[in-house]
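Read-outs throughout are calculated quantities, based only on the coordinates presented, and are distinct from any laboratory measurement. All values derive from a computational prediction rather than experimental measurement. Because the Cβ atoms are built from the backbone with ideal geometry, glycine has one as well, and the counts that use them run over all protein chains shown.
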Amino acid sequence: MAEITNLESKLGEVTGLAMAAQVATGRVITLAKEESSDLVAALEKMREEASETERRCTELAGTFEGKKTAILEEARATKSKGADMLKIYLDEDSDALDGFEFLTMAEAGEVGHWAVLQEMNAAARHSGLEELTRWALPIQQWHLEGALAGSKTLAASEDPNEPA
C-alpha cells in the first residue's frame, strides 16, 4: 500500500468520521424516536449530510495519485475507532439524552478534525481540499450546534431531583 502524507491521512480521518457519524446518528435516531419528531428530523438531516460528506471525501481521495486505497484504509480505521467509542458510551440502558451527549462530543471532534485539515491545507494549497473544507466545516459546525441544542432540550425535560 502507498505511503500517505499527513494531509492525506487527515483526509482519511475526516472520511472515517463521516462514516462513523452515519452509524452514530442512526443509533441516536432509535433512542430519540419516542422523544421528539423534530430531533429525529434533525438527526436524519445530519445523517444525510454525513453520507454526502463521505461521498465527497471518497471522490477527492481518488484524485491523489495511487493513494485512494491507503486514504480509505485510514478512513476505515477511524470509523472502527468511532464504532468502538459508540459501543462503550451507548449501552442498552442509554436514552436519547445520552445519545445527544455522545453526538455533541463526536461532532466537536469532527469540527476539530476539519479545522486541522483546513489549516494543513493552507500550506499544501490543494484546490480540491480547499473547496471541500470550505463546504464541510460550516456543516460540521451546524451539526455540533444541533447536537448541543438537542442535548439541552432533552436535559431541560429531565427532573434534576429524580434518582438516576
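Okay, here's what the table says:
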read-out: Residue order, fewest to most beta carbons within 10 Å, for His143, His113; value: His113, His143
read-out: Centre separation in Å (Cα based) which lies between the range 8-36 and the range 121-162; value: 12
read-out: Per-residue Cβ neighbour rank within 10 angstrom, fewest leading, Lys68, Lys10, Lys33; value: Lys33, Lys68, Lys10
read-out: Given Lys10/Lys33; Lys67/Lys152; Lys45/Lys87; Lys33/Lys67; Lys33/Lys79, the pairs whose alpha carbons are separated by over 30 Å; value: Lys10/Lys33; Lys67/Lys152; Lys33/Lys67
read-out: Once exposed loop GluC sites (Glu not before Pro) are cut out (DSSP; at most 13 other Cβ, 10 Å), longest piece of the chain; value: 93-157
read-out: Per-residue Cβ neighbour rank within 10 angstrom, fewest leading, Arg56, Arg134, Arg76; value: Arg134, Arg76, Arg56
read-out: The range 70-164, dipole about Cα centre (Lys/Arg Cβ +1, Asp/Glu Cβ -1), debye to the nearest 20; value: 640
read-out: Relative contact order of the chain, defined on C-alpha pairs under 8 angstrom at six or more residues apart (%); value: 30
